[in-house]
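Notes follow the structure.
The values are calculated or read from the model by the stated rules, or taken from the named source; none is laboratory data. Just so you know, these numbers come straight off a predicted model, no measurement behind them. Here the Cβ positions follow ideal geometry from the backbone for every residue, glycine too, while neighbour counts run over all protein chains shown.
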Amino acid sequence: MHWRAIVRLFGLLLMFYSLSFLPSLMVSLLYSDKQWLTFIGSAVIVFLLGTLLWGINFKQRQELSVRDGFLVVTLFWFLLGLVGALPFYLSLHLNFTDAVFESISGFTTTGATVIVGLDQLPQSILYHRQQIQWLGGMGIIVLAVAILPLLGVGGMQLYRAETSGVAKNEKMTPRIAETARSLWLIYLLLTLCCALAYWLAGMSLFDAVGHAFATVATGGFSTHDDSIGFFDSPVIEAIAIVFMLAGGINFAVHFLVLRRKLLSPYAEDPEARTYILMFIIASVFIALSLYFSGAYSGGWEALRYAAFQVASIMTSTGFGTAVFAEWPLHIPLILVILAFIGGCAGSTAGGIKVMRIMLLAKLGLRQLELLVHPRSVSVVKLGKRPVSETVLFAIWGFYVLYIVTALMLTVAMMGAGLDLVSAFGAVVATINLLGPGLGEVASNFATVDATVKWLAVFAMLVGRLEVFTLLILFLPAYWRN
């Protein structure tokens, strides 16, 4: 391990991150909410810490290895959670656990919260919550392009190499830095369009920007306790659905759409087609269930609430216009399944990802065929392209680790005092980066024990870092020279 080089890198990143407090400072001055000292203090603390870490190691310029990269990504995500918690700690006087929980939830785009009374918070604190989600949302896209292909977990490298619309001679850009810039441009463009649409639909400029941050990042934080339901507007909900679904699509597909100036890549990509089809089928089924159960009197009203919740849960955004835990019992179960499936690979959404679920289903069907025809040779394909056995094996390993980790966390949370429904709901909400859960955590995590909150922090990091990136650090072999 190149420890001093890693610490030097952390110093540089912290110095750079200290600049992110400036927009919140400007919001504080604009709205005169008396929080400007909070953000100046936070920026100074983070900048001085970064300067210290960089200064004592400024000569350490060794090139980091792939193994170092796993540690850097995991530790820096947690370190961001610590420094991002400073405004919550200094201004709202949250205890250390709650401040870190809120910050990690933002950066991982989970959207779970321990804060009650959002409507009474200073605007600059609300803006800070929304901004950390937005930064975290793009952070995972860049991570997917730069780090996850090295893991061979069936994520972006699967898309780029052989199984989707981006062929080997049709790469996004030849260099990682150029790719990251292209992704940031797309991300920024989507955010601006979303904010403008919200504003034109009747939101204040402050709410429009804040909710655009959360929507495109599929984060779910809101500036109001009632979330999107605060506005009670079908138009705003429709805008949210469009941009939540956009945030859940592979950003490489968005790149192709912009480059070709055609919408055809959405239809050509098998993962995007399946993702949209799942949304339509689930929305119609749940709308019919709500209508015939009498939860809503009109068919359009049932479809309005069903489509919004399906989009919010599938993309792991977690916005709410209704408490789905109060709907007929089979509907929350369907939504939980959708939460585990999640969005597309290479998107801001959480979950196992649609591409992996598609390939797991194809793998299962192949095994059934082999039982009937043991000597047949069957190749799993995504679209028209074959998927290598190495990738299929990696995806199977990812799925097993994901489910086992979720089950172990459920047991641990029950051991920490939650009932079965609340413990399972808390894990669903955190490992899938969803936000709202079931039972005691249906609305927030304010009342649960500190142990549960730290377990939830671990679950959020596991979900955001795609399991392997974090769990590999627990292997003894990883630490051997």
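Below are the figures for this structure:
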{"quantity": "Residue check, Thr109 outside any helix (DSSP H, G or I) and within 24 Å of Leu126 (Cβ to Cβ)", "calculated": "yes"}
{"quantity": "Residue that is surrounded by the most Cβ atoms within 10 Å (Cβ to Cβ) [pool: residues in the stretch 407-421 that are under 21 Å from Gly111 (Cα atoms) and at pLDDT 95 or above]", "calculated": "Met413"}
{"quantity": "Leading residue by the ranking (farthest from Gln131 (Cα to Cα)) among those in the stretch 228-264 that are among the small types (Gly, Ala, Ser) and buried (at least 24 other Cβ atoms within 10 Å of the Cβ)", "calculated": "Ala252"}
{"quantity": "Single condition Leu360 does not satisfy, out of (1) in contact with a Phe, Trp or Tyr (Cβ under 9 Å, 6 or more places away or on another chain); (2) farther than 17 Å from Ile281 by Cα; (3) assigned to a loop (DSSP other than H, G, I, E, B)", "calculated": "(3)"}
{"quantity": "Subset of the stretch 332-351 [surrounded by 24 or more Cβ atoms within 10 Å (Cβ to Cβ), farther than 10 Å from Ser316 by Cα and not hydrophobic (A, V, I, L, M, F, W, C)]", "calculated": "Gly346, Ser347"}
{"quantity": "Residue among Gly342, Gly351, Gly320, Gly383 that is within 22 Å of Leu290 (Cα to Cα) and in contact (Cβ under 8 Å) with a residue 40 or more places away in the chain", "calculated": "Gly320"}
{"quantity": "Number of positions in the stretch 288-346 that are under 20 Å from Gly229 (Cβ atoms) and assigned to a loop (DSSP other than H, G, I, E, B)", "calculated": "15"}
{"quantity": "Criterion violated by Phe324 - all others in (1) crowded, with 20+ Cβ neighbours inside 10 Å; (2) of a type in the set (Phe, Trp, Tyr); (3) within 25 Å of Asp269 (Cβ to Cβ) satisfied", "calculated": "(3)"}
{"quantity": "Helices (runs of 4 or more DSSP H) completely within the stretch 183-266 that count 1 or more residues being modelled with pLDDT of 95 or more", "calculated": "205-216, 234-247"}
{"quantity": "Residues satisfying the stated conditions in the stretch 440-460, i.e. outside any helix (DSSP H, G or I) and small (Gly, Ala, Ser)", "calculated": "Ala442, Ser443, Ala446"}
{"quantity": "The stretch 56-93, subset of a type in the set (S, T, N, Q), outside any helix (DSSP H, G or I) and farther than 15 Å from Leu473 by Cα, residue modelled with the lowest pLDDT", "calculated": "Gln62"}
{"quantity": "Criterion: at negative phi, buried (at least 21 other Cβ atoms within 10 Å of the Cβ), modelled with pLDDT under 95 and outside any helix (DSSP H, G or I) - qualifying residue of Gly425, Gly437, Gly463", "calculated": "Gly437"}
{"quantity": "Residue check, Gly351 under 26 Å from Thr223 (Cα atoms) and at pLDDT 90 or above", "calculated": "yes"}
{"quantity": "Positions within the stretch 303-315 being buried (at least 22 other Cβ atoms within 10 Å of the Cβ) and small (Gly, Ala, Ser), in sequence order", "calculated": "Ala306, Ala311, Ser312"}
{"quantity": "Every pair of residues 6+ apart whose Cβ atoms lie under 7 Å, when the first sits in the stretch 232-253 and is within 17 Å of Leu196 (Cα to Cα) while the second is among the basic types (Lys, Arg) and in a helix (DSSP H, G or I)", "calculated": "Pro234/Arg304; Glu237/Arg304"}
{"quantity": "Within the stretch 375-395, considering residues that are touching a Leu at 6+ places or on another chain (Cβ under 7 Å) and not in a loop (DSSP other than H, G, I, E, B), the one nearest to Ala267 (Cα to Cα)", "calculated": "Leu382"}
{"quantity": "Boolean, Arg4 is within 30 Å of the chain's Cα centre (by Cα) and basic (Lys, Arg)", "calculated": "no"}
{"quantity": "Selection from the stretch 265-298 of residues that are surrounded by 13 or more Cβ atoms within 10 Å (Cβ to Cβ) and either in contact with a strand residue (DSSP E or B) (Cβ under 6 Å, 6 or more places away or on another chain) or free of Cβ contacts under 8 Å to residues at least 24 places away in the same chain (or both)", "calculated": "Tyr266, Pro270, Arg273, Val284, Ala287, Leu288, Tyr291, Tyr296"}
{"quantity": "Checking Met156 against (1) closer than 30 Å to Ser24 by Cα; (2) modelled with pLDDT under 95, the condition it does not meet", "calculated": "(1)"}
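For every residue, the table says whether it meets (1) under 13 Å from Val448 (Cα atoms); (2) touching an Asp or Glu at 6+ places or on another chain (Cβ under 8 Å); (3) β-branched (Val, Ile, Thr).
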position: Val391; (1), (2), (3): no, no, yes
position: Trp396; (1), (2), (3): no, no, no
position: Ile403; (1), (2), (3): no, no, yes
position: Ala406; (1), (2), (3): no, no, no
position: Leu409; (1), (2), (3): no, no, no
position: Met414; (1), (2), (3): yes, no, no
position: Leu420; (1), (2), (3): no, no, no
position: Val428; (1), (2), (3): no, no, yes
